[in-house]
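Heads up: the structure comes next, in structure tokens.
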Amino acid sequence: MNQKQRSKRFDLLSKRDINRETYVEPWPEAGLIVADSPYDPQPSLTLSAAGEVVEMDGVARADFDALDRFIVSRALDLAVVEEAMALPSENYARMLADINAPRAEIARLVAGCSPAKLTDIIRHLNVLEMMMGLSKMRIRRQPANQAHVTNWREHPALLAADAAEAALRGFAEVETTVRVARFAPFNALAILVGTQTGRGGVLTQCSVEEALGLRLAMKGLTSYAETLSVYGTEMTFADGDDTPWSKAFLASAYASRGVKIRFTSGTGSEALMGRAEQKSMLYLEARCLLVVKGAGSQGVQNGSISCIALPEALPGGVRAVLAENLLAAMLGLEVAAGNDALASHSDIRKTAKLMLQFIPGADFIFSGYSAIPKRDNLFGGGNFDAEDFDDYNVLQRDMQIDGGVQPISEDEALNIRRKAARAIQAVYRQLDLPAITDEEVDAATVAHSSDDMPARDIVPDLEAADAFMAGERDFVAVIRALQEGGFGDVADNILEMGRQRIAADYLQPAAIFDADFKVRSAINDPNDYAGPGSGYRPAGPRWAAMQNIPQAKSPEGFIERHTGPPLSRLVEIGPASKGGRNEVALALGPAFGKALTSTIGGLSHEDVLEAILTGIAGEGMIARILRVYHSSDCAAIGYVGARLSGSGIGIGLQSRGTAVIHQKDLAPLNNLELFPQSPSLTLSTYEAIGRNAARYALGLATVPVAVKIDNGARLRLIVQTALLHRRETDEVDPDKPPQELRFDWEPA
Amino acid sequence: MQETKSAYPLRDKASDRLYAYSGRPLKDISAEAIAAGELSAEDLRTQADALRQQAEIARDGGYPQLAANLMRAAELTDVPNEELLRIYDVLRPERASYEELQRLADYLEDRYDAGENAAFIREAADVYRDRNLLRR
């Protein structure tokens, strides 16, 4: 091969977004393999006569590591392990994909599966079957979504405004984090006040170090936590400075204060930390999930989370990420399914990956949709950002799939953002924190990002945050501050969150609060999918809200722009007959210049007529104008023109502007020249059409009219095309013969 | 009484039986009470009974591990914040000796009647000893 040669196509491809990613071949010894490592154990489990697990996945009890010990002691249902392990993995796979296999039966058996058994089940499933499985095994009936709200300025008014907008958009949970750890109480406070301004009942958390996170929750500033990370090997766990027991204790500590928790796991973390022990990512994730379940966590965020780029670098990576979501759901865990961290430079790839969770639905389709611009995302960049809001809404509308959000209008956004910014301003004022100015409130109301916000003096803010954290004040003080500041409704929402804490209903699996501030969990809204016609599907008001994107217009409005007073210069004078040899007949559609008065491209019908007539006159021919009533079809109109034309050449012209040059000896659907791309036609094109028609009539050699090709025109204008054609068709009178018209016009 | 799924949600179906950690009934936790300065953090804190009821609901719903967690949580409602954080830290790798973990379990059992947590910590102590996770 000639080394100097470069394919222009390969050169172009090399610069595409998809080629900014890293791709690597599997290397099991380093844990760089998503599933089915040759070093993964075969499933096995042995009980002693006393009913104790003496061997699991090829490891004897004496050699169990801490995770194995935790799993056999706390995660497995020993009453079903023998039955569960004896059932072939392929049977599980078939049950997952089979709508006739009940969800409860699968869950009963999966409770007795070892980590290697869980992994082995996945081996038999392709992504479509796994999506079927997820749609059945997801524990809550109605899917939901979580948002990330942060900004690099850590500006309280912007945090509150963005949190309020996220709440209004329908996110059921909002998570924030910190750039500077000392800001934690104020960031948590801002999203608490913001979310409860947008919609009462949105759960909030602030992702920080475990002990600090628990303190924030104890102060009532957060209502859930999902920072409880677990890992699939003992060494990785230790590197994370935890054990299954310390993490499980932390979970109980949170619950003791009425705070919802979910654990975090996800493929790739062990390989990233260099402790994968040659095992596949999915096998290690199965171990994680059993630890999560054994700890009594109601759920997990998995789907690779911040490590997503690692499985995506490997073959089968996106499939494995779906597999881990499915395994969690099979184990009865709430799943916040990932899709949070930046997973791809390519919009095609990131969207394709999303479909694997979006279509079947997850308890949380994202464990953090970035409801802010990418640059403001302190979690390391979102895979979907505020810039993608409209895209996401359209995906929901396209597929009639509930992605957990809904479109809002610009006015709704501005109003709720201003209210939230004013509410946090009031809280700061009442609690004697560094003032938030009216200028900052105004900026936060209209802001897209930190760049739109004035800088704050960080030093007094941090000192106030330290004092707040060290002091006794908590959300009771915040509720009072809101009451005194004139935000009684926001205060009431936070107070109700406090009452809900006492009731603790939202500690049940997959709990969220719905639009009416009612708890909805796997207990009172369990997934009942059992095939077509069952399970959750958006309908009624919910589906109406999903459809109602502000960009959608009334179809009637498309027509109005193309109507006006009928052309006074165009007068019908009687039935048309055949004319002389020196003419070109210009046949118009039934609505032309009457019911409709401009083309789809916005050219007035008067101007179009003048242009065509100018072209015909320029070649010394006469134009005779006819109106066809019996058809609105362009070819039929042109064909009538050609047959009634003395020269045998006719031009057909529909109201929307589509034109044809026809000749009487051609078949009706044939033509000399066709101009289907009416939006691209200009007055000079119409003049050229007139000129060419005249030249055909004169028998002269003629170069077809060059028309600009615009492949996007159909995409943009197909609705208008259909509606204008329908309006023209309304004017059809099948029994009325063609009429001759007079157009009051003289050649210039 | 064993709660079942049908008792859920307690906020709607049992609000007359719910009370805060302070002992104040849920119905008295009102905006007016806050405005009058009558409420403190303990009036918006959960207590053991609600968590035990939630544990029973979780067990009835087919979530036994969550139920066990909520039962441990119920035992921890009386443990002060700072003490909870300290226990968590002691359970992290290589923080405590075997004997210290045993003493912690005894203390929780004696001081807070936290038998489930005590058993949990004793189990941890055995595994930590076997897996080299005790303080060296």
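Just so it is clear, none of the values below were taken in a lab; they were calculated from the coordinates. Computed from a predicted model, the values in this text were never measured in an experiment. Ideal geometry is used to build each Cβ from the backbone, glycine not excepted, and the neighbour counts take in all protein chains shown.
Using the alpha carbons alone, the radius of gyration of region A:559-743 stands to its Kirkwood radius in an Rg to Rh ratio of 0.93.
Exposure proxy shown here: for A:Trp543, A:Trp245, the number of other Cβ atoms within 10 Å sets the order, fewest to most, as A:Trp543, A:Trp245.
Take each residue of peptide A:91-98, count the partner chain Cβ atoms within 10 Å of its Cβ, and average: the result is 0. Once the chain from A:Asn91 to A:Val446 is taken as fully extended at 0.36 nm per residue, the excess over their C-alpha distance is 122.2 nm.
Placing a pseudo-label 7 Å from each Cα along the Cα-to-Cβ vector at A:Glu572 and A:Ser604 gives an inter-label distance of 2.3 nm. Relative to the longest principal axis of the Cα atoms of chain A, helix A:389-399 runs at roughly 80 degrees.
When Rg and Dmax are taken over the Cα atoms of chain B, they come to 18.1, 56 Å. Fewest-first ordering of A:Met132, A:Met137 by other beta carbons within 10 Å of each residue's beta carbon gives A:Met132, A:Met137. Remark on chain A: Rg and Dmax equal 33.8, 110 Å (Cα only). Per-residue shielding of A:327-338, expressed as the average number of other chain Cβ atoms within 10 Å of the residue Cβ, stands at 1.
From the Kirkwood radius over Cα pairs of region A:571-672, Stokes-Einstein at 25 °C and 0.890 mPa s returns a whole-number translational diffusion coefficient of 185 µm²/s. The fewest-to-most ranking of A:Lys279, A:Lys350, A:Lys736, A:Lys260 by surrounding Cβ atoms within 10 Å reads A:Lys736, A:Lys350, A:Lys279, A:Lys260.
With respect to chain A, whose longest principal axis is taken over its alpha-carbon atoms, helix A:184-198 is tilted by about 50°. Please work out the C-alpha center-to-center distance from region A:716-731 to region A:358-387 and express it in whole Å. A separation of 39 Å, based on Cα centres.
Using the Cβ-Cβ distance between B:Glu94 and A:Thr22 with R0 set to 35 Å, the FRET efficiency from 1/(1 + (r/R0)^6) comes to roughly 0.45. Among beta bridges identified by DSSP and lying wholly in the protein assembly as shown, the antiparallel ones come to about 45 percent. For the peptide A:306-316, the mean number of other protein chain Cβ atoms found within 10 angstrom of a residue's Cβ is 0.
Determine, from the Cβ-Cβ distance of A:Ala30 and A:Arg537 and an R0 of 41 Å, the FRET efficiency 1/(1 + (r/R0)^6), rounded to the nearest 0.05. Rounded to the nearest 0.05, the efficiency is 0.40.
Within the listed set B:Asp126, B:Asp106, B:Asp49, the Gaussian network model of chain B (springs between alpha-carbon atoms below 10 Å) gives the highest mean-square fluctuation for B:Asp126. Pairs over the 20 Å Cα-Cα cut-off, from the set A:Lys518/B:Lys5; A:Lys136/A:Lys260; A:Lys247/A:Lys293; A:Lys578/A:Lys664; A:Lys247/B:Lys5: A:Lys136/A:Lys260; A:Lys247/B:Lys5. A Förster distance of 45 Å, applied to the separation of the beta-carbon atoms of A:Lys518 and A:Leu431, puts the FRET efficiency at 0.90. Global size of region B:1-70: 13.8, 43 Å for Rg and Dmax (C-alpha atoms, Rg to one decimal, Dmax whole). Summed over qualifying helices (DSSP H, 4 residues or more, each -39500 (n - 2.57)) and divided by its residue number, the protein assembly as shown shows a 222 nm mean residue ellipticity of -13500 deg cm²/dmol.
Neighbours of A:Thr176, meaning other residues whose beta-carbon lies under 10 angstrom from its beta-carbon, give a summed charge of -3 when Lys and Arg score +1 and Asp and Glu score -1.
Take A:414-422, A:569-577 and order them by the average number of nearby Cβ atoms within 10 Å per residue, most first; the result is A:414-422, A:569-577.
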